[in-house]
1. Enumerate the pairs (first residue in segment 249-267 and more than 9 Å from ligand 2 (Cβ to nearest atom); second residue anywhere and open to solvent by 10 Å² or more (accessible area, probe 1.4 Å) and of a type in the set (Lys, Arg)) with beta-carbon separation below 6 Å, excluding pairs fewer than 6 apart on the same chain, so at least 6 apart or on different chains.
2. Within segment 413-476, considering only helices (runs of 4 or more DSSP H) that don't extend past its boundaries, which have at least 3 residues that are under 45 Å from the mean Cα position of the chain (by Cα)?
3. Determine which single condition Lys296 fails, assuming it passes every other condition in (1) within 23 Å of Asp36 (Cα to Cα); (2) without any contact (Cβ under 8 Å) to a residue 24 or more places away in the chain.
4. Pick from Ala359, Ala347: which is free of Cβ contacts under 8 Å to residues at least 12 places away in the same chain, aliphatic (A, V, I, L, M) and either open to solvent by 60 Å² or more (accessible area, probe 1.4 Å) or touching a helix residue (DSSP H, G or I) at 6+ places or on another chain (Cβ under 9 Å) (or both)?
5. With over 24 Å from Ile369 (Cα atoms) and modelled with pLDDT of 95 or more as the only criterion, which of Glu322, Glu352, Glu331 stands out?
6. Do we find a residue being within 16 Å of ligand 1 (Cβ to nearest atom), more than 25 Å from Ser93 (Cα to Cα) and open to solvent by 50 Å² or more (accessible area, probe 1.4 Å) anywhere in segment 196-213?
7. Consider Asp372 carefully, then state whether it is in contact (Cβ under 8 Å) with a residue 12 or more places away in the chain and charged (D, E, K, R).
8. Does Tyr61 meet the test of being touching a residue at least 12 places away in the same chain (Cβ under 8 Å), more than 10 Å from ligand 1 (Cβ to nearest atom) and either small (Gly, Ala, Ser) or at negative phi (or both)?
Amino acid sequence: MLKLYNSLTRKIEEFTPVHPDSLNVGMYTCGPTVYDFAHIGNFRTYTTSDLLLRTLQYNGYEVDYVMNITDVGHLTGDNLGDADFGEDRMEKSAKKEGKSAWEIAAFYTDAFLKDYKALNLIPPTHLVKATDHIKEQIELVKTLEEKGFTYQTTDGIYFDTTKLQDYGRLSNLDEIKEGARMEVNQEKHNPRDFALWKFSYPNGTSRPARQMEWDSPWGVGFPGWHIECSAMAMKYLGPSFDIHVGGVDLRETHHPNEIAQSEAATGKQFVKYWVHGAFILVQGERMSKSKGNNYKLYDLEKQGFDAIALRYLYMQAHYRQEMNFSFPALEAAQTSLNKLREFVIRAEDVGEVPKIGCAEFERRFLDAINDDLNFPQAMAITWELIHSKYPNSAKLRSLLKFDKVLGLDLENAQIIHDREEAAEIPQEIKEMVNERKRLRNEQDFKAADQLREKIKRLGYELDDSEKGTRIKRIKR
Ligand code: AMP
Ligand code: ZN
């Protein structure tokens, strides 16, 4: 039985789907705002979602997984509440890079998906963009308006949080700094009210034109940041679904606002389980551009690390625990990952067909991941398995089963190993191998064999198969 910490009730609860006796689960994760590269902090949160998704699947659930791409409406105010103010992050980035906001969105969405794949994160069933769902967002605001939850100011349509009993149940309200925001927008009825729709031209002024704007019943403008998640989550998963995931900062404002809008509109409970991942720190400090410590995947890859090594590192901390990133820790994760890969290659090399796994370890592994995603424990059990006295074939079978959840791509250990070796093979050897191929095509087998011997003397062995020739460095 899977147990999860639910931020809504502040308790560890047994997971039971919204639709009783069903194996179908609906899950939503707040995705990236695509104005810049996602950093290793953002990817910690997406990895937490992935580990939860895989754990649900391991338990036999069929998961409908939705992630959004925020490509409009997230203003430069921080995620703790003043997201109604400042410049639109997309438009700001477009100005800075001399591109259109649409080009910025396309570029950073592609970059995000490339990193997403490199971390072996399972693609969402629906990856949905805010700009593709303007109609749904307007409809939702209209419903809220009809039900009397909104009011208009000079710069937009706002949600009146006092109209909803229980607003802010999820967050630690006293952590929200109200005062600061009161000064910013005097027209708001209550400090915690938030924008549903913002006008491009508040008060009929002629601000510089926005690139991203749409017609609406209230005037030309763009959606507030929170409304997209409610509109898209409910479109794809229905008015009530099982699990919503995000980083812990979203718990204070963005998620309470999602709940408020959705529940005010439908009168139903929006989400049953709220799961929040803790932040990553770098050498004990919050990540930020100005400190130059908001590392991206390419910063790690440039230093020769594998994206999967970062995934390994993430799993060594419990998702509700703040974790500290450092290069020595990543180095250690890479070493451990390499050892696991070597084990797989060695165990496969013996040519044994795995028959049975190690039931005792499989049971303990399942208990660990089902205990509120205790992956540090699951990793420890994995290593115990590797060091145990079971035959390699049995260990391999269990390990590959675990990897359905760990997602270290161990199945492809040999291919990854070959790819890495190939990258290290000198150009001169590659050219000789091509020359040998040409000689063989011309049926000059004698010359081809002589060349093979020469290549061998230089330290490389050739392995011909139907798929082509594999070059292996001879270990000395
Ligand atoms: P954003 O693009 O800023 O909306 O962030 C995308 C996701 O990453 C959200 O779920 C954030 O809560 C999460 N996030 C942002 N910074 C960090 C961090 N340092 N550690 C973990 N998660 C983070
Ligand atoms: Zn969201």
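The values are calculated or read from the model by the stated rules, or taken from the named source; none is laboratory data. Values in this document were obtained by computation on a predicted structure and should not be read as measured data. As a convention, Cβ positions derive from the backbone with ideal geometry for all residues, glycine included, and neighbour counts pool all protein chains shown. Just so you know, the surface numbers come from the protein's heavy atoms only, side chains and all, with ligands and any DNA or RNA stripped out. Shrake-Rupley method; radii C 1.70, N 1.55, O 1.52, S 1.80 Å.
1. Close Cβ pairs satisfying both conditions: none exist.
2. 413-424, 427-441
3. Lys296 satisfies all of (1) within 23 Å of Asp36 (Cα to Cα); (2) without any contact (Cβ under 8 Å) to a residue 24 or more places away in the chain except (2).
4. Answer to the selection: Ala359.
5. Checking each option against the conditions leaves just Glu331.
6. no
7. Here the answer is yes, as Asp372 does meet what is asked.
8. Yes, satisfied.
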